[in-house]
Amino acid sequence: MKLATFRAPGDTVPHLGGVVGDAIVALHPALAAAQHAAGEPDTAKQQIPATMLGLLGAGEAAMVAAARALAFAARPGSVALRRPLAEVALEAPLIPGKILGVGRNYADHVKEVGGPTLSAPRIFLKPSSSVCGPGTAVRIPPAAPKPDWEVELGVVIGRAAREVPETRALEYVAGYTVLNDLTDRALQFDHPVGMTSFGKGLDGFCPMGPFLVTADEVGEPWQLRLTCHLNGELVQQGNTRDLIFSVAALIAWLSRFVTLLPGDVIATGTPAGVGHFRQPPRYLKPGDRLRLEVEKVGVLEHGIA
(Lines give C-alpha, C1' and ligand atoms only; values in the text may rest on other atoms or scores of the structure.)
Protein backbone atom coordinates (compact mmCIF):
# COMPACT_ATOMS: atom_id res chain seq x y z
CA MET A 1 0.00 0.00 0.00
CA LYS A 2 0.91 3.63 -0.50
CA LEU A 3 -0.45 5.53 2.48
CA ALA A 4 -0.67 9.29 2.76
CA THR A 5 -1.83 12.20 4.87
CA PHE A 6 -3.70 14.81 2.84
CA ARG A 7 -6.07 17.76 2.82
CA ALA A 8 -8.70 18.46 0.20
CA PRO A 9 -9.61 22.09 -0.55
CA GLY A 10 -11.45 23.60 2.40
CA ASP A 11 -10.38 20.92 4.89
CA THR A 12 -9.46 22.18 8.34
CA VAL A 13 -7.89 18.89 9.42
CA PRO A 14 -5.85 16.34 7.45
CA HIS A 15 -7.17 12.93 6.46
CA LEU A 16 -5.55 9.52 6.38
CA GLY A 17 -5.62 8.03 2.92
CA GLY A 18 -4.17 5.60 0.45
CA VAL A 19 -3.27 5.74 -3.21
CA VAL A 20 -5.10 3.88 -5.95
CA GLY A 21 -3.49 4.60 -9.31
CA ASP A 22 -3.36 8.37 -9.66
CA ALA A 23 -6.09 8.92 -7.07
CA ILE A 24 -6.25 9.39 -3.31
CA VAL A 25 -8.79 7.52 -1.18
CA ALA A 26 -9.87 8.61 2.30
CA LEU A 27 -9.70 5.42 4.35
CA HIS A 28 -12.66 5.96 6.68
CA PRO A 29 -15.32 6.50 3.97
CA ALA A 30 -13.88 3.68 1.89
CA LEU A 31 -13.98 1.17 4.73
CA ALA A 32 -17.49 2.31 5.70
CA ALA A 33 -18.59 1.76 2.09
CA ALA A 34 -17.03 -1.70 2.05
CA GLN A 35 -18.81 -2.60 5.27
CA HIS A 36 -22.13 -1.27 3.99
CA ALA A 37 -21.79 -3.33 0.81
CA ALA A 38 -21.16 -6.42 2.92
CA GLY A 39 -24.11 -5.72 5.20
CA GLU A 40 -21.86 -5.00 8.17
CA PRO A 41 -22.18 -2.17 10.72
CA ASP A 42 -20.05 0.92 10.14
CA THR A 43 -17.05 0.55 12.44
CA ALA A 44 -14.54 2.32 10.19
CA LYS A 45 -13.50 4.91 12.75
CA GLN A 46 -13.04 2.25 15.39
CA GLN A 47 -10.93 0.05 13.12
CA ILE A 48 -8.76 2.74 11.50
CA PRO A 49 -7.32 5.55 13.66
CA ALA A 50 -7.42 9.11 12.34
CA THR A 51 -3.65 9.58 11.95
CA MET A 52 -0.78 7.65 10.43
CA LEU A 53 0.94 7.42 13.78
CA GLY A 54 -2.25 6.00 15.27
CA LEU A 55 -2.62 3.54 12.40
CA LEU A 56 0.88 2.18 12.92
CA GLY A 57 0.37 1.96 16.67
CA ALA A 58 -2.90 0.06 16.25
CA GLY A 59 -1.12 -2.95 14.80
CA GLU A 60 -1.83 -5.49 12.09
CA ALA A 61 -5.64 -5.40 12.34
CA ALA A 62 -5.72 -1.69 11.45
CA MET A 63 -3.43 -2.25 8.47
CA VAL A 64 -5.65 -5.09 7.26
CA ALA A 65 -8.66 -2.76 7.52
CA ALA A 66 -6.80 -0.10 5.52
CA ALA A 67 -5.99 -2.65 2.83
CA ARG A 68 -9.64 -3.70 2.69
CA ALA A 69 -10.69 -0.07 2.27
CA LEU A 70 -8.28 0.48 -0.63
CA ALA A 71 -9.24 -2.78 -2.32
CA PHE A 72 -12.91 -1.77 -2.22
CA ALA A 73 -12.11 1.73 -3.52
CA ALA A 74 -10.18 0.24 -6.44
CA ARG A 75 -13.29 -1.55 -7.76
CA PRO A 76 -14.79 -0.16 -10.99
CA GLY A 77 -17.99 0.76 -9.19
CA SER A 78 -16.22 2.78 -6.49
CA VAL A 79 -15.13 5.78 -8.55
CA ALA A 80 -16.84 8.18 -6.12
CA LEU A 81 -14.41 7.15 -3.40
CA ARG A 82 -11.40 8.20 -5.47
CA ARG A 83 -10.16 11.75 -5.92
CA PRO A 84 -7.32 12.79 -8.26
CA LEU A 85 -4.06 13.30 -6.39
CA ALA A 86 -3.64 16.59 -8.21
CA GLU A 87 -6.71 17.97 -6.38
CA VAL A 88 -5.36 17.50 -2.84
CA ALA A 89 -2.41 18.76 -0.82
CA LEU A 90 -0.17 16.00 0.50
CA GLU A 91 1.39 16.52 3.91
CA ALA A 92 4.23 14.61 5.53
CA PRO A 93 2.91 11.05 5.89
CA LEU A 94 3.43 11.21 9.66
CA ILE A 95 5.04 13.23 12.42
CA PRO A 96 7.42 10.72 14.01
CA GLY A 97 8.01 10.39 17.70
CA LYS A 98 11.73 10.44 16.98
CA ILE A 99 13.93 10.62 13.90
CA LEU A 100 17.24 8.80 14.20
CA GLY A 101 19.73 9.87 11.56
CA VAL A 102 22.80 7.95 10.45
CA GLY A 103 25.90 9.82 9.32
CA ARG A 104 28.52 8.68 6.82
CA ASN A 105 26.71 5.47 5.92
CA TYR A 106 27.62 5.28 2.21
CA ALA A 107 31.20 4.47 1.23
CA ASP A 108 31.33 7.16 -1.45
CA HIS A 109 30.09 9.77 1.03
CA VAL A 110 32.74 8.70 3.55
CA LYS A 111 35.32 9.22 0.79
CA GLU A 112 34.11 12.73 -0.05
CA VAL A 113 33.92 13.71 3.64
CA GLY A 114 37.30 12.16 4.50
CA GLY A 115 38.28 10.02 7.44
CA PRO A 116 38.03 6.32 8.19
CA THR A 117 35.03 4.07 7.66
CA LEU A 118 33.15 3.84 10.94
CA SER A 119 33.04 0.60 12.93
CA ALA A 120 29.61 1.48 14.38
CA PRO A 121 26.77 3.73 13.15
CA ARG A 122 27.18 7.46 13.78
CA ILE A 123 23.81 8.59 15.14
CA PHE A 124 22.20 12.01 15.44
CA LEU A 125 18.65 13.15 16.21
CA LYS A 126 16.23 15.34 14.31
CA PRO A 127 13.22 16.70 16.24
CA SER A 128 9.65 16.22 15.05
CA SER A 129 9.44 20.01 14.54
CA SER A 130 11.87 19.63 11.62
CA VAL A 131 9.32 17.62 9.61
CA CYS A 132 7.49 19.21 6.69
CA GLY A 133 5.62 17.83 3.72
CA PRO A 134 5.91 17.66 -0.06
CA GLY A 135 5.77 20.98 -1.87
CA THR A 136 6.89 22.97 1.16
CA ALA A 137 9.18 25.95 0.62
CA VAL A 138 11.62 25.46 3.48
CA ARG A 139 12.68 28.78 5.00
CA ILE A 140 16.38 28.99 5.74
CA PRO A 141 17.09 31.17 8.79
CA PRO A 142 19.57 34.02 8.15
CA ALA A 143 21.70 32.54 10.95
CA ALA A 144 22.11 29.29 8.95
CA PRO A 145 24.32 30.38 6.02
CA LYS A 146 25.37 26.97 4.66
CA PRO A 147 22.24 24.88 4.03
CA ASP A 148 22.91 21.60 2.24
CA TRP A 149 20.89 18.70 0.79
CA GLU A 150 20.94 14.95 1.54
CA VAL A 151 18.57 12.49 -0.17
CA GLU A 152 17.81 9.53 2.09
CA LEU A 153 15.71 6.41 2.44
CA GLY A 154 13.53 6.76 5.54
CA VAL A 155 12.63 3.57 7.39
CA VAL A 156 9.33 3.74 9.32
CA ILE A 157 9.06 1.41 12.31
CA GLY A 158 5.82 -0.55 12.60
CA ARG A 159 6.00 -2.13 16.04
CA ALA A 160 8.00 -1.74 19.21
CA ALA A 161 11.54 -3.04 18.80
CA ARG A 162 13.96 -3.61 21.66
CA GLU A 163 17.15 -5.69 21.35
CA VAL A 164 16.05 -7.10 18.00
CA PRO A 165 18.37 -9.56 16.23
CA GLU A 166 19.47 -8.48 12.77
CA THR A 167 18.00 -11.62 11.23
CA ARG A 168 14.50 -10.52 12.31
CA ALA A 169 14.89 -6.76 12.10
CA LEU A 170 12.89 -6.24 8.90
CA GLU A 171 9.83 -7.74 10.62
CA TYR A 172 9.62 -4.46 12.56
CA VAL A 173 9.45 -2.22 9.47
CA ALA A 174 6.05 -0.79 8.54
CA GLY A 175 7.33 0.83 5.39
CA TYR A 176 9.53 3.42 3.77
CA THR A 177 9.48 7.06 2.77
CA VAL A 178 11.76 9.63 1.11
CA LEU A 179 13.33 12.39 3.14
CA ASN A 180 15.77 15.24 2.73
CA ASP A 181 18.16 15.51 5.66
CA LEU A 182 18.71 19.24 5.25
CA THR A 183 21.76 20.41 7.19
CA ASP A 184 23.33 23.75 8.02
CA ARG A 185 27.03 22.99 7.60
CA ALA A 186 28.00 26.13 9.52
CA LEU A 187 26.44 24.76 12.70
CA GLN A 188 27.77 21.30 11.95
CA PHE A 189 31.38 22.22 11.15
CA ASP A 190 32.14 25.90 11.82
CA HIS A 191 30.76 26.23 15.33
CA PRO A 192 33.42 26.02 18.09
CA VAL A 193 31.62 22.91 19.34
CA GLY A 194 30.19 20.80 16.52
CA MET A 195 26.39 20.90 16.60
CA THR A 196 25.37 18.20 14.15
CA SER A 197 21.91 17.42 15.54
CA PHE A 198 21.09 21.11 15.90
CA GLY A 199 22.31 21.89 12.39
CA LYS A 200 20.06 19.14 11.07
CA GLY A 201 17.11 19.90 13.34
CA LEU A 202 16.03 23.41 12.35
CA ASP A 203 12.38 24.06 11.53
CA GLY A 204 11.44 22.39 8.26
CA PHE A 205 14.83 20.69 7.85
CA CYS A 206 13.26 17.25 7.34
CA PRO A 207 11.00 17.34 4.25
CA MET A 208 9.37 13.90 4.09
CA GLY A 209 7.02 12.00 1.83
CA PRO A 210 5.04 11.97 -0.27
CA PHE A 211 3.93 8.51 0.87
CA LEU A 212 4.57 5.79 3.39
CA VAL A 213 4.99 2.76 1.14
CA THR A 214 4.45 -0.46 3.05
CA ALA A 215 7.29 -2.94 3.33
CA ASP A 216 5.49 -5.64 1.35
CA GLU A 217 5.26 -3.32 -1.66
CA VAL A 218 8.91 -2.24 -1.56
CA GLY A 219 10.38 -5.64 -0.78
CA GLU A 220 13.75 -6.06 0.89
CA PRO A 221 15.58 -2.70 0.70
CA TRP A 222 18.93 -4.04 -0.47
CA GLN A 223 19.09 -2.43 -3.91
CA LEU A 224 17.12 0.81 -4.20
CA ARG A 225 18.39 3.66 -6.37
CA LEU A 226 18.45 7.17 -4.85
CA THR A 227 18.76 10.44 -6.77
CA CYS A 228 18.61 14.13 -5.96
CA HIS A 229 18.12 16.85 -8.58
CA LEU A 230 18.73 20.51 -7.76
CA ASN A 231 17.02 22.87 -10.21
CA GLY A 232 16.95 20.02 -12.73
CA GLU A 233 20.62 19.11 -12.31
CA LEU A 234 21.51 15.65 -11.03
CA VAL A 235 23.62 16.24 -7.92
CA GLN A 236 23.36 12.89 -6.12
CA GLN A 237 22.88 9.31 -7.14
CA GLY A 238 23.48 6.18 -5.15
CA ASN A 239 22.10 2.78 -4.25
CA THR A 240 21.23 1.17 -0.93
CA ARG A 241 23.44 -1.79 -1.85
CA ASP A 242 26.31 0.54 -0.90
CA LEU A 243 25.08 1.16 2.66
CA ILE A 244 27.83 0.44 5.17
CA PHE A 245 25.21 -0.49 7.78
CA SER A 246 22.11 -2.05 6.19
CA VAL A 247 18.56 -1.29 7.24
CA ALA A 248 18.46 -4.52 9.25
CA ALA A 249 21.82 -3.80 10.88
CA LEU A 250 20.69 -0.31 11.87
CA ILE A 251 17.48 -1.54 13.50
CA ALA A 252 19.40 -4.20 15.41
CA TRP A 253 22.09 -1.76 16.57
CA LEU A 254 19.75 1.06 17.54
CA SER A 255 17.38 -1.24 19.40
CA ARG A 256 20.24 -2.28 21.69
CA PHE A 257 20.13 1.22 23.18
CA VAL A 258 16.63 2.64 22.67
CA THR A 259 13.19 1.20 22.11
CA LEU A 260 12.05 1.91 18.58
CA LEU A 261 8.33 2.70 18.61
CA PRO A 262 5.68 2.59 15.87
CA GLY A 263 6.12 5.64 13.68
CA ASP A 264 9.76 6.27 14.55
CA VAL A 265 11.86 7.00 11.48
CA ILE A 266 15.45 6.00 10.72
CA ALA A 267 17.15 8.27 8.17
CA THR A 268 19.63 5.79 6.75
CA GLY A 269 22.29 8.12 5.33
CA THR A 270 23.08 9.85 2.06
CA PRO A 271 25.35 9.01 -0.90
CA ALA A 272 28.06 11.31 -2.25
CA GLY A 273 27.22 14.56 -3.97
CA VAL A 274 26.22 16.92 -1.16
CA GLY A 275 27.07 20.59 -1.61
CA HIS A 276 29.53 21.22 1.22
CA PHE A 277 32.25 18.92 -0.10
CA ARG A 278 32.17 20.17 -3.67
CA GLN A 279 34.94 22.36 -5.05
CA PRO A 280 33.94 25.08 -4.61
CA PRO A 281 31.26 24.34 -1.97
CA ARG A 282 27.67 24.86 -3.05
CA TYR A 283 24.78 25.71 -0.75
CA LEU A 284 21.02 26.06 -1.13
CA LYS A 285 19.48 29.47 -1.74
CA PRO A 286 15.97 30.94 -1.97
CA GLY A 287 14.19 29.88 -5.14
CA ASP A 288 15.97 26.53 -5.42
CA ARG A 289 13.89 23.44 -6.23
CA LEU A 290 14.77 19.91 -5.17
CA ARG A 291 13.54 16.59 -6.53
CA LEU A 292 14.48 13.57 -4.43
CA GLU A 293 13.64 10.03 -5.50
CA VAL A 294 14.04 6.59 -3.97
CA GLU A 295 13.23 3.66 -6.25
CA LYS A 296 9.92 1.93 -5.38
CA VAL A 297 9.26 4.52 -2.64
CA GLY A 298 8.48 7.74 -4.47
CA VAL A 299 9.46 11.26 -5.48
CA LEU A 300 9.65 14.09 -2.97
CA GLU A 301 9.74 17.63 -4.34
CA HIS A 302 10.08 20.84 -2.36
CA GLY A 303 11.52 24.32 -2.57
CA ILE A 304 13.76 26.67 -0.61
CA ALA A 305 12.57 30.07 0.59
Residue, farthest from Ser128 (Cα to Cα), within the range 35-63, restricted to residues that are hydrophobic (A, V, I, L, M, F, W, C) and surrounded by fewer than 12 Cβ atoms within 10 Å (Cβ to Cβ): Ala38
Residue under evaluation Thr117, criteria (1) closer than 29 Å to Leu226 by Cβ; (2) surrounded by 17 or more Cβ atoms within 10 Å (Cβ to Cβ), criterion not met: (2)
Residues of the range 115-134 satisfying the condition of being closer than 14 Å to Pro207 by Cβ and among the basic types (Lys, Arg): Lys126
Filtered residues of the range 172-222 (kept if at positive phi and either of a type in the set (S, T, N, Q) or in contact with a Cys (Cβ under 6 Å, 6 or more places away or on another chain) (or both)): Gly204
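Please determine whether any residue of the range 252-261 is in contact with a helix residue (DSSP H, G or I) (Cβ under 7 Å, 6 or more places away or on another chain) and crowded, with 23+ Cβ neighbours inside 10 Å.
Yes - at least one qualifying residue is present in the range 252-261.
Tell me which residues, restricted to the range 188-202, are in contact with a Ser or Thr (Cβ under 6 Å, 6 or more places away or on another chain) and part of a loop (DSSP other than H, G, I, E, B). Before the answer, list the steps.
First, pick out the residues of the range 188-202 that are in contact with a Ser or Thr (Cβ under 6 Å, 6 or more places away or on another chain): 188, 199-201.
Listed by number, the list holds a single entry, Gly201.
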Subset of the range 138-158 that is aliphatic (A, V, I, L, M) and outside any loop (DSSP other than H, G, I, E, B) - its residue that is surrounded by the most Cβ atoms within 10 Å (Cβ to Cβ): Val155
Residue within the range 75-96 that is surrounded by fewer than 16 Cβ atoms within 10 Å (Cβ to Cβ), modelled with pLDDT under 95, not acidic (Asp, Glu) and not in a loop (DSSP other than H, G, I, E, B) present: no
Arg225, sole failed condition from (1) at negative phi; (2) surrounded by 16 or more Cβ atoms within 10 Å (Cβ to Cβ): (2)
Enumeration of residues in the range 159-181 that are in a loop (DSSP other than H, G, I, E, B) and within 13 Å of the chain's Cα centre (by Cα): Asp181
Residue in the range 270-284 that is surrounded by 20 or more Cβ atoms within 10 Å (Cβ to Cβ), touching a Phe, Trp or Tyr at 6+ places or on another chain (Cβ under 6 Å) and over 18 Å from Val131 (Cβ atoms) present: yes
Selection count, the range 115-147, where residues are among the small types (Gly, Ala, Ser) and touching a residue at least 60 places away in the same chain (Cβ under 8 Å): 6
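Looking at Leu226, Leu250, which is the one that is under 19 Å from the mean Cα position of the chain (by Cα), farther than 14 Å from Glu166 by Cα and either at pLDDT 95 or above or outside any strand (DSSP E or B) (or both)? Reasoning before the result, please.
On the way: Leu250 fails: farther than 14 Å from Glu166 by Cα.
Going through Leu226, Leu250 in turn, just one is under 19 Å from the mean Cα position of the chain (by Cα), farther than 14 Å from Glu166 by Cα and either at pLDDT 95 or above or outside any strand (DSSP E or B) (or both): Leu226.
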Given (1) outside any strand (DSSP E or B); (2) of a type outside the set (A, V, I, L, M, F, W, C); (3) crowded, with 16+ Cβ neighbours inside 10 Å; (4) under 14 Å from the mean Cα position of the chain (by Cα), index of the condition Lys296 fails: (3)
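Given the criterion of a type in the set (A, V, I, L, M) and in contact with a Gly (Cβ under 9 Å, 6 or more places away or on another chain), identify the matching residue among Ala107, Ala143, Ala137, Ala120. Give the derivation first.
Values: Ala107 fails: in contact with a Gly (Cβ under 9 Å, 6 or more places away or on another chain); Ala143 fails: in contact with a Gly (Cβ under 9 Å, 6 or more places away or on another chain); Ala120 fails: in contact with a Gly (Cβ under 9 Å, 6 or more places away or on another chain).
Going through Ala107, Ala143, Ala137, Ala120 in turn, the sole match is Ala137.
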Helices (runs of 4 or more DSSP H) within the range 1-68 that include 2 or more residues free of Cβ contacts under 8 Å to residues at least 12 places away in the same chain: 27-37
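The values are calculated or read from the model by the stated rules, or taken from the named source; none is laboratory data. Just so we're clear, the structure is a prediction, and the values are computed from it rather than from any experiment. Because the Cβ atoms are built from the backbone with ideal geometry, glycine has one as well, and the counts that use them run over all protein chains shown.
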